[in-house]
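Taken together, the values in this text are just the output of simple stated rules run on the coordinates, not laboratory data. Given the structure is predicted, the values throughout are model-derived calculations rather than measurements. All Cβ positions, glycine included, derive from the backbone under ideal geometry; neighbour counts span all protein chains shown.
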Amino acid sequence: MIHANDEPAVPMGLPLPNGKLAMWLFLVTEIMFFTALIGSYLIYRNGQPTASQPWPTPHDVHLAEWIGAVNTFVLICSSLTVVLALWSLHVGNSKRAVQYIGVTLALGCVFLVIKAYEYQQKFAHGILPGRVFEKLDSPHGYKYMRHVQEQLEHIEKHGGVNDKAKKACAELLADIRAGKLQPKDVNERVRGTKSIKETNPGKEFITTKDSTYVDLPERSRPKDAPMVEGILEMDTHAHLSYSIPFGNMWASCYFAMTGFHALHVFGGLVVFAIMLVMAWRGRFGPQNAQMVEVTGLYWHFVDIVWIFLFPLLYLV
Amino acid sequence: MSEQHHDHSHGDHSHSHGDHSHGEHSHSHGGDAHGHADDAAAHFRSYIAIFIALCVFTAISFVFNELVRGGIISPMTSATVIMIVAIIKAGCVAYIFMHLKADWGKVYCIMIPVVIMCVMMIIVFLPDGVLGWR
């Protein structure tokens, strides 16, 4: 007869501390979550758009690559500081660990401030889900024209652009009021054609058949037509809307992906703040190494997500 | 070599101590303390090395993007390089910063199914993305 005590010892569960195992399990669900978001983005981006109706470039949607690169650098630095905080606890230097956690918290805040600035730019230029003008055929086109008219009237009243752009704004407003223009013409005079090739790198290789859906000025005008200097080429800060193919879908993807990522960053910052409060109350030391390690795992994962979001949104 | 040894002891620590934190293991023997200090220094160096590598890789991505703007390379070449660089960066962070170098043997059973699911999901999406049905 075999007694329970005679049974060979069977290792139970994974050979990991409970907290660390729980974090890894949580992280694999997070991997699925962000893969779904990124996968959906890749479909939208590569599925529907065509050569004549391309996916927006970063410049089309007021996205600056260098800002994304700075944020990448900030998160990489914070990943280093959090791993050094854990390292400091392992070598018995709790004070240094608290300093590293403080720096991590500060870097996370810098990331969110930069992200907030970016969001503010999107709101200022109306690049929001459902707010971007994609089609310029009626009735969307006339809605777009009315919108630009309101923006021009605002500029006429309050200024905010340089003299050259202000003069062009006044002329465009007069032409719209006189009923001389079609929505496509308004779009062309806002956006311009001179820098369109620069802001759409590589697009000169693609077919130039006319688009019936959207109106990149370059495509919808005859080959021998003179170049038009757009108001936005005179003053890039002018708050004037223009047609962005797939702009609404882009905005939805951008806010979903970066918004969820920013929420994750915020969650990590809360835990770092709790650690600092613990340190302030004298209750932080080597006994908290696992807490730092588990939070670090989470923070590194947040960094990895950004490592993919940065090229997908800003570069590729 | 010493770094590898430390990774083992670091990884095995949870075996012997269960839920106890890493900070609790103090080395009273002189030789151990010396070895521990060496390992700690090696770890520090590896963290700094990975940090520098991540910065360099970020710069590479940025430069390749600018090369497209200058018309020097095609967008497809740049996109391929940039995405490969992103995968390498993520690997660096996971392997060293997240200690997968030491812990992979313990978490692979929960990681591999997820990775398979993720790869499958992307593959299922590919026809729509690549062919576009147009």
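In debye, nearest 20: dipole of chain A around its Cα centre with unit charges on the Cβ of K, R (+) and D, E (-)?
The dipole magnitude comes to about 460 debye.
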Note the angle between two axes, namely the Cα long axis of helix A:163-177 and the longest principal axis of the Cα atoms of chain A, as a number of degrees from 0 to 90, rounded to the nearest 10.
60
When only C-alpha pairs under 8 Å and at least 6 residues apart count, what is the relative contact order of chain A, in percent?
31
Rounding to the nearest 10 and keeping the result within 0 to 90°, find how far the Cα-based axis of helix A:289-310 lies from the longest principal axis of chain A.
20
Step through the residues of the range A:37-48 one at a time and calculate ³J(HN,Hα) from phi using the Karplus curve (6.51 cos²θ - 1.76 cosθ + 1.60, θ = phi - 60°), rounding each to whole Hz and writing x for Gly and Pro.
4, 5, x, 4, 4, 5, 5, 4, 6, 9, x, 6
Could you sort A:240-247, A:166-173 so that the peptide with the highest average Cβ count within 10 Å comes first and the rest follow in order?
A:240-247, A:166-173
With Cα coordinates, the longest principal axis of chain A makes an angle with the long axis of helix A:247-280, in degrees rounded to 10, of 30
Distance in nm between label sites at B:Cys55 and B:Tyr108, each 7 Å beyond Cα in the beta-carbon direction?
3.4
Longer than 23 Å from Cα to Cα, which of A:Lys95/B:Lys89; A:Lys115/A:Lys167; A:Lys20/B:Lys101; A:Lys122/A:Lys143 are they? Say none if no pair is.
A:Lys95/B:Lys89; A:Lys115/A:Lys167
